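The values are calculated or read from the model by the stated rules, or taken from the named source; none is laboratory data. Worth saying up front: this structure is predicted, and the values here are computed from it rather than measured. Reconstructed Cβ throughout: ideal geometry from the backbone, glycine too, with neighbour counts over all protein chains shown. When the accessible area is computed, the model is the full protein with side chains, heavy atoms only, and any ligands, DNA or RNA have been set aside. Shrake-Rupley method; radii C 1.70, N 1.55, O 1.52, S 1.80 Å.
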Amino acid sequence: MAQAAPPARPVEVFLYPSAATKRAWMGADKVDLAKPWLGQVHLTLPEYGASVLTHEMAHVFAAELTPSPLGLPGRVGLPVDAWLVEGVAMAVEWPTSEDLDLHDWSAAMRRLGLAPDLAVLLSSGQFWRQPGPRAYTLAGSFVRWLYERDPGVLARLYASSDIEQATGQSLAVLARDWAAFVDGRTLS
């Protein structure tokens, strides 16, 4: 992925020995998370080599790309663009520890009829209405595909939350082109 400027302030990483300890100290036990507006990452101590730190740090580093005081992309008065927030973090985790990458998993889901429609997934508020693993995978594949075509697109997209302004193409065209790309992959 593109080289990002370091955050303007130090990043604080909190590692908790157990989910119960994390819940006691910060209120969440079932998820690892970043608070981009504070420059913080909160994790239950992960296994060696786990990609969760990369994922959560991506949220903090990407916060520098948006003018939002929360460090999260979204248009004024509209919800945060969750597909973009999580898509960037998934794209940064590349490659996955599996034999298949996000493009391959997306292709497999599409072939099995399990993938939600990308244009719907990226619509306002629709990301969280889809099964999490499917939504994260497709968003990550799409964001990575955008980046592979144009490394500067992520900064423009995170800053504006306007896909057409950032790419010069409509979501419908991009979704069609991305689908053609993943559908053309050979899976072993």
Next item on the list: Can you give me the ranges of the helices (runs of 4 or more DSSP H) entirely in the stretch 130-188 with at least 3 residues that are more than 23 Å from PRO79 (Cα to Cα)?
Entry: 132-149, 171-183
Next item on the list: Please tell me if LEU70 is touching a residue at least 12 places away in the same chain (Cβ under 8 Å) and under 15 Å from the mean Cα position of the chain (by Cα).
Entry: no
Checklist line | Pairs with Cβ under 8 Å, 6+ apart, first in the stretch 167-188 and farther than 19 Å from VAL120 by Cα, second open to solvent by less than 60 Å² (accessible area, probe 1.4 Å) | finding: ARG185/HIS103; ARG185/ASP104; ARG185/ALA107; LEU187/LEU100; LEU187/ASP104; LEU187/ALA107; LEU187/ALA108
Next item on the list: Collect the residues in the stretch 20-55 that are outside any loop (DSSP other than H, G, I, E, B), over 19 Å from the mean Cα position of the chain (by Cα) and surrounded by 13 or more Cβ atoms within 10 Å (Cβ to Cβ), keeping them in residue-number order.
Entry: THR21, LYS22, ARG23, MET26, THR44
Next item on the list: Would you be able to say whether some residue in the stretch 138-147 is of a type outside the set (A, V, I, L, M) and surrounded by fewer than 17 Cβ atoms within 10 Å (Cβ to Cβ)?
Entry: no
Note to self: Among the residues of the stretch 168-186, what is the count of those that are farther than 14 Å from LEU138 by Cβ, touching a helix residue (DSSP H, G or I) at 6+ places or on another chain (Cβ under 7 Å) and either of a type in the set (Ser, Thr, Tyr) or open to solvent by less than 50 Å² (accessible area, probe 1.4 Å) (or both)?
What the structure shows: 1
Margin query: For the stretch 56-74, check the following and say yes or no: at least one residue is part of a loop (DSSP other than H, G, I, E, B), out of contact with any helix residue (DSSP H, G or I) (no Cβ under 8 Å at 6 or more places or on another chain) and surrounded by 18 or more Cβ atoms within 10 Å (Cβ to Cβ).
Written below: yes
Next item on the list: Would you confirm whether any residue within the stretch 100-121 is open to solvent by less than 50 Å² (accessible area, probe 1.4 Å), within 25 Å of LEU38 (Cα to Cα), in contact (Cβ under 8 Å) with a residue 24 or more places away in the chain and hydrophobic (A, V, I, L, M, F, W, C)?
Entry: no
